[in-house]
Amino acid sequence: SPMNPFHLAIPVKALEPCRTFYRDVLGCEEGRSSDHWVDFNFFGHQFVIHQDENLQKKEKNSNPVDGKSVPVPHFGVVLDWEVWETLAEKMKEMGISFIIEPYIRFRGQVGEQATMFFLDPEGNALEFKAFKDKSQIFAK
């Protein structure tokens, strides 16, 4: 069945740097907005940043995966392989600091996937991934 768009709204302390990041760095089209929030087409999903000037940053947690330190929480999108490769190149060209550099997990195995992690200007962790075979997204 066709995928329904996900809706995610997150608080940010400074609206404009995040607006610029999601629009100009990630290339997400802006939708509706007000003085306190901006809504984006986040790779087909509805993503909203809401300004909260009193936002207190929580201490970051991480879990070891493949000997790498994966930030928790994180969010992102499973992209088509070619779209992921293009985004990885674009992020490298833009000088993004990766938490986890773009790499391939389970190469040649069930669940072969590409992944990368980086932060938005507020320190929210984003993961973008792609599967060689999308039917294996939930494969055990």
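Computed values, structure above
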{"item": "Selected residue [touching a residue at least 24 places away in the same chain (Cβ under 8 Å), in contact with a Phe, Trp or Tyr (Cβ under 6 Å, 6 or more places away or on another chain) and farther than 23 Å from Q113 by Cα] from F40, F47, F21", "result": "F47"}
{"item": "Hits in segment 87-106 (condition: over 19 Å from P64 (Cα atoms) and either of a type in the set (K, R) or out of contact with any strand residue (DSSP E or B) (no Cβ under 9 Å at 6 or more places or on another chain) (or both))", "result": "K90, K92, E93, M94, G95"}
{"item": "Residues of segment 122-134 satisfying the condition of being over 9 Å from G76 (Cβ atoms) and touching a strand residue (DSSP E or B) at 6+ places or on another chain (Cβ under 8 Å)", "result": "E122, N124, A130, F131, K132, K134"}
{"item": "Selection count, segment 97-121, where residues are farther than 18 Å from F138 by Cβ and buried (at least 17 other Cβ atoms within 10 Å of the Cβ)", "result": "8"}
{"item": "For L26: the one exception among (1) open to solvent by 70 Å² or more (accessible area, probe 1.4 Å); (2) out of contact with any strand residue (DSSP E or B) (no Cβ under 7 Å at 6 or more places or on another chain); (3) not aromatic (F, W, Y)", "result": "(1)"}
{"item": "Matching residues, segment 50-88, being at pLDDT 95 or above, more than 24 Å from Q136 (Cβ to Cβ) and open to solvent by 70 Å² or more (accessible area, probe 1.4 Å)", "result": "H50"}
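The values are calculated or read from the model by the stated rules, or taken from the named source; none is laboratory data. Computed from a predicted structure; not experimentally measured. With ideal geometry, Cβ positions are generated from the backbone for all residues, glycine too; neighbour counts draw on all protein chains shown. Areas reflect the complete protein model, heavy atoms only, side chains present, ligands, DNA and RNA absent. Shrake-Rupley method; radii C 1.70, N 1.55, O 1.52, S 1.80 Å.
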